[in-house]
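Notes for the one structure printed next.
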Amino acid sequence: MTTNSASARYSGLGKEGKGAISTRSGVLSDQPYGFGTRFEGQPGTNPEELIAAAHAACFTMATSFALAKAGFSDGTLDTQCTVTLDSADGGFAVTKSALTLKASVPGISAEDFEKLADEAKAGCPISKLLNCEITLEKSLEG
């Protein structure tokens with residue numbers, strides 16, 4: 001079992017408030033977030049961007065391990081993740097996480113690639129955490 005942590009601080013309330021996010025590792029240290037970074041494209045981050053990064057990273061690692069377990073020893077995986085925040089039930093909800101995987105894995109068949117990527121999508125811990133539609137587009141190069 002592993003545990004990780006992060007913290008968020010918000011000064012002021014509502015649209016006028018400003019926040020900062022930090023992670024235990026220090027990779028994020030007082031990274032700004034707030035209404036402007038979430039809805040108006042201002043510099044900084046937002047929860048949905050962080051979820052997209054986590055999902056892309058988790059799924060890509062799960063796919064890598066699935067490929068290695070299947071006997072493949074070389075390859076490149078490049079995943080893009082887009083998280084959608086929609087109005088729902090008088091508030092907001094993350095309604096979709098769309099993964100797009102481009103891969104180069106020497107010697108793999110398209111059929112095996114599809115199967116392993118789909119299994120990785122279903123089995124990755126962040127996929128299991130999310131309560132939304134999760135899609136996966138995949139392409140095998142080379």
Would you confirm whether or not the stretch 33-56 contains a residue that is assigned to a loop (DSSP other than H, G, I, E, B), surrounded by 12 or more Cβ atoms within 10 Å (Cβ to Cβ) and touching a residue at least 24 places away in the same chain (Cβ under 8 Å)?
yes
Across the stretch 90-142, which residue is farthest from Ile51 (Cα to Cα) among those that are assigned to a loop (DSSP other than H, G, I, E, B) and of a type in the set (Val, Ile, Thr)?
Ile108
Selection count where residues are under 18 Å from the mean Cα position of the chain (by Cα) and over 27 Å from Phe39 (Cα atoms), scope the stretch 79-104
2
Out of all the residues in the stretch 107-131, which are within 20 Å of the chain's Cα centre (by Cα) and either buried (at least 16 other Cβ atoms within 10 Å of the Cβ) or among the aromatic types (Phe, Trp, Tyr) (or both)?
Leu116, Ala117, Ala120, Lys121, Cys124, Ile126, Ser127, Leu130
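Yes or no, residue by residue, for (1) free of Cβ contacts under 8 Å to residues at least 12 places away in the same chain; (2) at negative phi; (3) among the hydroxyl-bearing types (Ser, Thr, Tyr):
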residue: Leu101; (1), (2), (3): no, yes, no
residue: Ile108; (1), (2), (3): no, yes, no
residue: Lys115; (1), (2), (3): yes, yes, no
residue: Glu119; (1), (2), (3): no, yes, no
residue: Leu129; (1), (2), (3): yes, yes, no
residue: Cys132; (1), (2), (3): no, yes, no
residue: Glu137; (1), (2), (3): no, yes, no
residue: Gly142; (1), (2), (3): no, no, no
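Readers should treat all values here as calculations from the given coordinates under stated rules, not as data from a laboratory. None of the values given here were measured: they were computed from a predicted structure. Neighbour counts are summed over all protein chains in view; Cβ atoms, including those assigned to glycine, are modelled from backbone coordinates with ideal geometry.
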